[in-house]
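Take a look at the structure below.
The values are calculated or read from the model by the stated rules, or taken from the named source; none is laboratory data. Because the structure is predicted, anything quoted here is derived from the model rather than measured. When we count neighbours, we look across all protein chains shown, and the Cβ atoms used for this are built from the backbone with ideal geometry, even at glycine. In case anyone asks, the SASA skips ligands and DNA or RNA and just uses the protein heavy atoms, side chains included. Shrake-Rupley method; radii C 1.70, N 1.55, O 1.52, S 1.80 Å.
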Amino acid sequence: MGPVSFLPKHQKLSTLKGDSAKMTHLQAGLSPETIEKARLELNENPDVLHQDIQQVRDMIITRPDIGFLRTDDAFILRFLRARKFHQADAFRLLAQYFQYRQLNLDMFKNFKADDPGIKRALIDGFPGVLENRDHYGRKILLLFAANWDQSR
């Protein structure tokens, strides 16, 4: 008898290229093609996904100077995917994220699209996002200085 699946029939994964596909609750909304792409391009392995997340979580104690406000699996998984499952790089990115937010509290206090300052920045041409990413895989935001109205 094989493993028991707790997913409804419509959510079961088909096997891709003969591999027995396995899925965690963190991959539940992804198509089989996306899961396969994550495996090939991001080194995402559902068999060790929770261990990868726990390794990043275990590094948090090395930075008591930073207030890590979110350490849930889904949140940490974002950083692992952003760094192709290199745990040390994912932790460094996670730490930089919270450190930046900690050092710039005023910037994130009322960070909403309907805020007048945010609306002005969007109208003035910020942000522009490049289609390609930098060599670390990060999105590149542009400020269109020609559109910026300094009188505001």
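Things to note:
- Probe 1.4 Å, accessible area per residue of segment 27-152, Å²: 69 Å²
- Percent carbon-and-sulfur accessible area, segment 28-111, ignoring ligands, DNA and RNA, probe 1.4 Å: 54 percent
- Cβ-based net charge around F79, under 10 Å, with every Lys or Arg adding one and every Asp or Glu removing one: +3
- Using a Förster distance of 35 Å, the FRET efficiency for R120-R70 (Cβ separation, nearest 0.05): 0.75
- Residue-count net charge about Y97 - beta-carbon cut-off 11 Å; Lys, Arg +1, Asp, Glu -1: +4
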